[in-house]
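Here is the structure we will look at, set down as structure tokens.
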Amino acid sequence: MNTRLYILSMVVLLSIISTAWAAPSKNIYVYKDENGVLVFSDTPRKGAEKVTLNAPVMNMPTIDTSVLDEKDDELEQVKFNITISSPTHEETIRDNTGSVHISGQVKPRFLQGHSVQLFMDGQPYGKPQSSSLFALRDVDRGEHSLVLKLLNSEGEVLASSKSVTFFMHRRSVITGP
């Protein structure tokens, strides 16, 4: 079971259980849907089993699950925004190994099937990936520009970040007397 589905199931379970404890006259039923996922409900259904709770009443805070109500096809119509949060614009990075860690942020949320392509100095760096975190190694000394592009599952650009310039400062490989 993937993590998102597991978290959703647990949130639903906790919400139903907390509601059931607050209103003891309600019953809880459990069944497996057509995909084999456990579903908890307060509505009886053919094949559902009644859940018996043997725990004391607990007061649990409510959890805002509205982000889970968004449909992926609705979000495809949303205007996405992608930014580079690190390094900052015109930052000097001092690292003799030439290592640079790049982090980006996608809003409103990163969807399954989306990927991020890093461009350094106008050229794609590596392959698109499902994360907005990148680690570059052995970057040459001097000025470099970075851009992140958010791609959908067909490889179409959904959003592009502003260009960020950084300066790599490394000790010279030329050593003199």
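The values are calculated or read from the model by the stated rules, or taken from the named source; none is laboratory data. The shown structure was predicted, so the numbers you read here are calculated from the model rather than taken from an experiment. Here the Cβ positions follow ideal geometry from the backbone for every residue, glycine too, while neighbour counts run over all protein chains shown.
List of remarks:
- Residue in the range 61-76 that is at pLDDT below 90, closer than 17 Å to Ser160 by Cα and exposed (fewer than 13 other Cβ atoms within 10 Å of the Cβ) present: no
- Counting only strands (runs of 3 or more DSSP E) that sit completely within the range 130-177, those holding 1 or more residues that are aromatic (Phe, Trp, Tyr), surrounded by 12 or more Cβ atoms within 10 Å (Cβ to Cβ) and in contact (Cβ under 8 Å) with a residue 60 or more places away in the chain correspond to 164-169.
- Of all the criteria given as (1) in a strand (DSSP E or B); (2) in contact (Cβ under 8 Å) with a residue 40 or more places away in the chain; (3) of a type outside the set (D, E, K, R), the one not satisfied by Gly98 is (1).
- Residue list for the range 130-154, restricted to those being under 15 Å from the mean Cα position of the chain (by Cα) and within 15 Å of Ile84 (Cα to Cα): Ser131, Ser132, Leu133, Phe134, Leu150
- Residue that is touching a Leu at 6+ places or on another chain (Cβ under 9 Å), at pLDDT 65 or above, outside the structural domain of Gly142 (by TED's automatic domain parsing) and surrounded by 14 or more Cβ atoms within 10 Å (Cβ to Cβ), where the choices are Val30, Val106: Val30
- Looking only at residues of the range 118-177 that are at positive phi and acidic (Asp, Glu), we find that the one that is modelled with the lowest pLDDT is Asp138.
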